[in-house]
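To keep things clear, I will list the structure first and then write my remarks on it.
The values are calculated or read from the model by the stated rules, or taken from the named source; none is laboratory data. Please read these numbers as outputs of a predicted model, since none were measured by experiment. Here the Cβ positions follow ideal geometry from the backbone for every residue, glycine too, while neighbour counts run over all protein chains shown. Note: accessible area is taken over every heavy atom of the protein model, side chains too, but ligands, DNA and RNA are not part of it. Shrake-Rupley method; radii C 1.70, N 1.55, O 1.52, S 1.80 Å.
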Amino acid sequence: MSRPPIPESFRLDHKKVRAPYVRLAGVKETPRGDRIEKYDLRLVQPNKEALGTGALHTLEHLLATYMRGHLEGVVDISPMGCRTGFYMVVLGEPGPQKVLEAFRETLKDVVNHTEPVPGVSELECGNYRDHDPQGARAWAERVLNEGLHVQETVEITS
């Protein structure tokens with residue numbers, strides 16, 4: 001049996017990247033020729049901090065809501081298991097700089113969000129009790145204050 005391919009994120013040198021950032025993590029082309037870009041939207045430095053699950057969960061709902069208003073083609077925004085950021089899949093090729101601008105505007109929306117969090121009910125959410133809107137706003141404000149940048153991929157070298 002052949003060994004499965006190593007995921008891109010396992011080849012990233014997590015000691016050399018500097019959060020908060022936006023990074024183009026991968027590109028795929030569909031059989032019909034459509035381009036799909038995957039982005040790493042990193043909020044905190046890997047292995048130094050992690051977002052609490054409530055704040056991360058609320059950020060997931062708010063990013064999914066607001067990002068689509070700033071960037072066309074968003075397919076999905078999902079939290080990383082390490083709780084340091086999110087992966088975003090986009091149809092098309094907006095490029096890292098446009099994604100960075102959309103992410104910055106989305107984080108501003110999160111900071112200013114005062115209404116109930118969208119999709120937070122037993123009917124709409126699989127863990128509707130685990131949310132922290134205040135924490136999500138605090139993380140968004142912190143990232144904006146620290147300043148986002150485009151991070152190049154830094155692979156692990158032997």
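State the number of lysine pairs found in the stretch 16-148 whose Cα atoms come within less than 23 Å, restricting to pairs 8 or more positions apart or on distinct chains.
Summing the qualifying lysine pairs gives 7.
Mind sorting out which of (1) 47, 39, 36; (2) 39, 34, 26; (3) 53, 30, 24 is the real Cα extents along the principal axes in Å computed from the coordinates?
Here Cα extents along the principal axes in Å agrees with entry (1).
Divide, for the stretch 75-119, the radius of gyration over alpha carbons by 2.2 N^0.38 Å, where N is the residue count.
1.31
Once the dipole of the stretch 16-148 is set up with Lys and Arg at +1 and Asp and Glu at -1 on Cβ about the Cα centre, which of Phe103, Val17, Pro79 lies farthest towards its positive end?
Value computed over the given set: Val17.
Using a 1.4 angstrom probe on heavy atoms only, work out the carbon and sulfur share of the accessible area of the stretch 16-148 in %.
Exposed carbon and sulfur together represent 46 percent of the surface.
Mind listing which GluC sites (Glu not before Pro) in the stretch 85-158 are in a DSSP loop and have 12 or fewer other Cβ atoms within 10 Å?
Filter output for the stretch 85-158: Glu122, Glu124, Glu152.
I'd like the distance separating the alpha-carbon centroids of the stretch 71-135 and the stretch 1-37, in whole Å.
Between the Cα centre of the stretch 71-135 and that of the stretch 1-37, the gap is 19 Å.
Only bridges with both residues in the chain count here: give the DSSP antiparallel percent, nearest 5.
Roughly 90 percent of the DSSP beta bridges within the chain come out antiparallel.
Under the rule of -39500 (n - 2.57) per DSSP H run of 4 or more residues, summed and divided by the residues of the chain, what mean residue ellipticity at 222 nm is obtained, to the nearest 500 deg cm²/dmol?
Calculated at 222 nm, the ellipticity per residue is -10500 deg cm²/dmol.
Magnitude of the Cβ-charge dipole of the stretch 1-141, K/R +1 and D/E -1, about the Cα centre, nearest 20 debye?
My answer is approximately 700 debye.
Heavy-atom accessible area per residue, the stretch 16-148, 1.4 Å probe: how many Å²?
52
Would you mind checking the tilt of helix 96-112 against the longest principal axis of the Cα atoms of the chain, expressed as 0 to 90 degrees and rounded to 10?
It works out to around 20 degrees.
Please give the length that would be gained between Val150 and Arg3 if that part of the chain were fully extended, namely 0.36 nm times their separation in residues minus their C-alpha to C-alpha distance (nm, one decimal).
49.7 nm
Can you tell me how much longer the chain between Glu122 and Arg35 gets when fully stretched, taken as 0.36 nm per residue apart minus their C-alpha distance, in nm with one decimal?
Computed gain between Glu122 and Arg35 is 27.8 nm.
How big is the accessible area of Lys108 in square angstrom, nearest 10, if you roll a 1.4 angstrom probe over the protein chains?
About 80 Å², rounded to the nearest 10.
What figure in square angstrom, to the nearest 10, would you give for the accessible area of Asp109 with a 1.4 Å probe?
So the heavy atoms of Asp109 present about 40 Å² to solvent.
With a cut-off of 8 Å between alpha carbons and a minimum separation of six or more residues, what is the relative contact order of the chain in percent?
31
Got a number for the accessible area of Val111? Probe 1.4 Å, square angstrom, nearest 10.
40
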